[in-house]
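The values are calculated or read from the model by the stated rules, or taken from the named source; none is laboratory data. Every value quoted in this text rests on a predicted model; they were computed, and no experiment measured them. Here the Cβ is made from the backbone with ideal geometry for all residues, glycine too, and neighbour counts use every protein chain on show. With ligands, DNA and RNA removed, areas are computed over all heavy atoms of the protein, side chains included. Shrake-Rupley method; radii C 1.70, N 1.55, O 1.52, S 1.80 Å.
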There are 2 protein chains.
Amino acid sequence: MKTADPELMRAINRFHVLDTIRRAGSISRVEIGERTQLSATTISAITAALLDDELITPHHEGGLRSDSNGNRGRPRVMLTLNASAARVVGAKIATNRLVFVVTDFQGDILAHLTLPVRVDRLPLPVVADLVEDGVRRCVLDAGLALADIHTVALAVPGVVEHGSGRVRSSPVFRDVDVPLATYIAERLGIATIAESDANAMAMAQHWFGRARDCDDFVLVSMEEGLGLGVMHGGQLFRGARELSLDLGHMMMGVSTVQSERLSDIASERAILDGEHADLRLREAMRVGRGMNHVQRLLAEGDDGFTATASRAGEALGIAIANLVGLFAPPRVILVGSSLALGRSLLDPLQASFERALSAPLREVSQIIIDEAGDELWARGAAAVALSELYGSPWSTTGPALRSTL
Amino acid sequence: MKTADPELMRAINRFHVLDTIRRAGSISRVEIGERTQLSATTISAITAALLDDELITPHHEGGLRSDSNGNRGRPRVMLTLNASAARVVGAKIATNRLVFVVTDFQGDILAHLTLPVRVDRLPLPVVADLVEDGVRRCVLDAGLALADIHTVALAVPGVVEHGSGRVRSSPVFRDVDVPLATYIAERLGIATIAESDANAMAMAQHWFGRARDCDDFVLVSMEEGLGLGVMHGGQLFRGARELSLDLGHMMMGVSTVQSERLSDIASERAILDGEHADLRLREAMRVGRGMNHVQRLLAEGDDGFTATASRAGEALGIAIANLVGLFAPPRVILVGSSLALGRSLLDPLQASFERALSAPLREVSQIIIDEAGDELWARGAAAVALSELYGSPWSTTGPALRSTL
DNA sequence: ACTGATTAGTCCTGATTACAAATTAATTAG
DNA sequence: CTAATTAATTTGTAATCAGGACTAATCAGT
């Protein structure tokens, strides 16, 4: 039970102010007041504290004044995030690649690194070696030392328990219930967060992508696994016990005998591993080039995948419609490598989505396809780390940054 | 965005204190402090205000002292809710009956009334007539006048928008998007709330039933429609736009051609309307006695329903497993008239639930069957009203008797 | 019955954080 | 140069908590 005390109040308002500044890029105190509905007094106090902590910086350049003011009165002082207030590392761990980014306090990328290695059902120490190496190299590339990094955030496919940083199950790990975050934290000597890749991407879409204006949306990631991230009221929705969501586990079908897990129908592996997979494709899959190969085949007019992809799309459309029935989000964002299948996947998806969706929601929920680049995954992980840094009052582990002083 | 101010703080803490007193029945200030983690000072201030508003009453009877104290020291003053602080009416509107209760401030039932009438796809004025009549009669039965009632809460099957009190779609209404709450409020001259029946029952289970100790659970109501209530962190979870959830809309199946809505498989109507429905049954259904008849048939050894019920159970098990995958609740509660089908429904349900549930959750989620009486539905509606009452400002200003000196 | 110990509850001070209202600051208009 | 105008800070009040002093009510022991 959350007890309401002044400290919580302050944490909430501080977060709102910081978040408002981040979203706006550059904003005056009055405008913050308009957007947050906080009193001018409070804005002053909070911004003073943020300035004192050097998390934001003032910009006196008059520049363009607000439209409503006829250039009269005391000019507004614009405030921006101090980009160098902190740096974090975000990493996406996928079965066929590792992607790292170093970002500043705003989430802007300072350096990025992609390691095209296969990480498939490996033991923790092996994965950790690769991750540790990637983090160190990427930090060096950014011209920084490891000590300059405040947090490392790892986006992992599968089911992740955010609070403890344990990975319950994932295609990249051989074992279940892997204590990833603590293990990496010990080896790097940096605070480390583990998060599901879908949640990281949801965060990325909220901060940098197609959902910047939207506090309620559902993100479906279609890669080797099928991930799910739900943003609800501007916060990642986590079930009880902070387990991340996984769409692949969803059972499709009316009865036990004729039902299948969605991951067996619509995951990348399920699609590529269909009866039409030729030898070249199997080899391409082994080295993590499956989707590139498929795109080439599609370009050459090979329609062997159409049936499998169509089936996958239909199932996904139904599953997503069911989700929309539960969360009623105005927006659904699809990302992931399976999008390379193009219309053969997406057309059936859209069609079955619209058929399966119940009437009242049909007009208000909209599907968005986003061919996000590799870096966006890692940047989303970084955003997860930054959002905790900002002092989001709802997170369990919310160590404020003030202790640095 | 909610702005955090002292007023909100006070509202939150006041609610927690009131809720703690309600749950405990009778409790001393120190124990409230232990449970809420609020300071003794704050407890004193808040309880003083509550006493001043006559929402709670002190009980000096020494009686049994706390175990930890060896009967030494100043005895604790027990505090209890003042049952007569307010009365509310809760009503369950089902297709085959209307159930009303009048409860006091604790949620204890003062009077109840069941009208076994058929309410099936009727226009709003017709339903409103029945509801208004029931409310008036039940209030009279309780020895009260309409003016003594603070709020009326209506539990309706289907999709209800809680904020506006509009019923988007429901088997009891012919039309869609019915402004039920405002309509009834005008006719009775009392503040009126509309809520989905599943949410009302979820509230009832949380306050009076099988989830008193549990802040995270999922409730599935199996009646004419299939309703869903999600309690998350002690609060009813409502999707974006405050739409209640509905399980019946869920699409089961991998493809558009071979998929069906869950309501077409597992709703009461779907089960009873199967190929085995005889004439007597159809007649029984028409007057809202379907399930009673089925029970008689089952008692007589008629197993014509077994296949249909089994199919429904299997589908429900899968649907519930998918829900558990999303919300990860430790408990799932099943209620509703379809439980009368007994093991022929529940055994397949349990079996397919356990098969469909993903491994990590298999051990932690438990299904509970609750043959709740009719009154519990209406009492849940009353609880919805009371819970809003507990949080509302009520008294003119913040108490703070300090200023009087 | 008196004294001392023990626990419950209230009151007071000082710190924090919020808001509202008044005040100061910086700039343009005339 | 003065007035007007808008921005931002300073001053006064309510709410929280922490900790201590204080009162209230009861029991244990003499």
Practice item. Return the percentage of antiparallel bridges among DSSP beta bridges fully within chain A, rounded to the nearest 5 %. Key: 60
Check your understanding: To one decimal in nm, how far is A:ASN292 from the same spot in the other copies, if labels go 7 Å from Cα toward Cβ? Please give the shortest first.
Key -> 7.2
**Study point:** Per-residue average of Cβ from other chains inside 10 Å of A:260-266
**Key:** 1
Review point. Got a number for the accessible area of B:HIS112? Probe 1.4 Å, square angstrom, nearest 10.
Key: 100
Point to revise | Per-copy distances of the B:GLU242 label point, shortest first, in nm (7 angstrom along Cα→Cβ) | key: 3.2
Point to revise | Per-q log10 I(q)/I(0), the range B:76-182, q = 0.20, 0.22, 0.24 Å⁻¹ (Debye; single scatterer per alpha-carbon; no solvent) | key: -1.00, -1.14, -1.27
Check your understanding: Considering the zone a paramagnetic label at A:ARG174 would reach in this model (a point 7 Å from Cα along the Cα-to-Cβ line), which residues of the range A:107-143 have amide N under 19 Å from it?
Key -> A:117-132
**Study point:** Shape metrics for the range B:162-213, restricted to C-alpha atoms - Rg then Dmax, Å
**Key:** 13.3, 39
Practice item. In square nanometres and to one decimal, what's the mean projected area of the convex hull around the Cα atoms of the protein assembly as shown? Key: 41.0
Check your understanding: In nm, what does the list of distances from B:ARG212 to its counterparts in the other copies look like, shortest first, when each label sits 7 Å along Cα to Cβ?
Key -> 5.3
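Could you tell me the calculated FRET efficiency between B:ALA307 and B:GLU260, based on Cβ-Cβ distance and R0 = 22 angstrom, to the nearest 0.05?
Numbers: r = 16 Å, r/R0 = 0.71.
For B:ALA307 and B:GLU260, the calculated efficiency is 0.90.
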Review point. What is the average number of partner chain Cβ atoms found within 10 Å of a Cβ in A:308-316?
Key: 2
**Study point:** Point-to-point label distance, B:SER44-B:VAL77, nm (Cα→Cβ direction, 7 Å offset)
**Key:** 1.1
**Study point:** Rounded Å value of the spacing that divides the Cα centres of the range A:107-164 and the range A:351-395
**Key:** 22
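What does the accessible area per residue of the range A:6-81 come to in Å², with a 1.4 Å probe and no ligands, DNA or RNA counted? Write down the numbers at each step before the final one.
Numbers: 4290 Å² over 76 residues.
With the other protein chains kept in place, the range A:6-81 gives 56 Å² per residue.
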Review point. On the first, second and third principal axes, largest extent first, how far apart are the outermost C-alpha atoms of chain B in Å?
Key: 77, 51, 46
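With N denoting the number of residues in the range A:120-267, provide Rg(C-alpha) divided by 2.2 N^0.38 Å, to two decimal places.
Values: Rg = 16.7 Å, N = 148, 2.2 N^0.38 = 14.7 Å.
Relative to the rule-of-thumb radius for its length, the range A:120-267 sits at 1.13.
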**Study point:** Distance in nm between pseudo-label sites at B:HIS60 and A:GLU34 (7 Å out along the Cβ direction from Cα)
**Key:** 6.0
Check your understanding: Quick one, what does Rg over Rh come out to for the range B:1-159 if you take C-alpha atoms and the Kirkwood Rh?
Key -> 1.11
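Over its Cα atoms, what ratio of radius of gyration to 2.2 N^0.38 Å does the range B:138-184 give? Kindly include the intermediate steps, with their values, before the conclusion.
On the way: Rg = 13.0 Å, N = 47, 2.2 N^0.38 = 9.5 Å.
Computed over Cα atoms of the range B:138-184, the ratio equals 1.37.
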Check your understanding: Once the principal axes of the Cα atoms of the range A:6-81 are found, what is the range along each, listed largest first in whole angstroms?
Key -> 39, 23, 20
Practice item. For B:ALA351 paired with A:SER26, estimate the spin-label separation in nm (one decimal), with each label point 7 Å from Cα along the Cα-to-Cβ line. Key: 6.9
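If you wrap a convex hull around the C-alpha atoms of the range B:206-257 and split its volume per residue, what is the figure in Å³? Present the calculation step by step, with values, prior to reporting the outcome.
On the way: hull volume 6.4 nm³, N = 52.
Hull volume over Cα atoms, normalised by residue count, gives 124 Å³.
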Review point. Stretched out fully, how many nm does the piece from A:ARG343 to A:LEU146 gain, at 0.36 nm a residue minus the Cα gap?
Key: 66.5 nm
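Across peptide B:231-241, how many C-beta atoms of other chains are within 10 Å of each residue C-beta, on average? List each step's numbers first, then the result.
Working: counts 1, 4, 3, 1, 0, 0, 4, 3, 10, 15, 7.
Mean number of neighbouring Cβ atoms from other chains: 4.
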Practice item. Take the range A:211-371, compute every pairwise Cα distance, and split them into 5 Å bins from 0; I just need the percent in each bin. Key: 2, 9, 18, 21, 19, 14, 10, 5, 2, 0
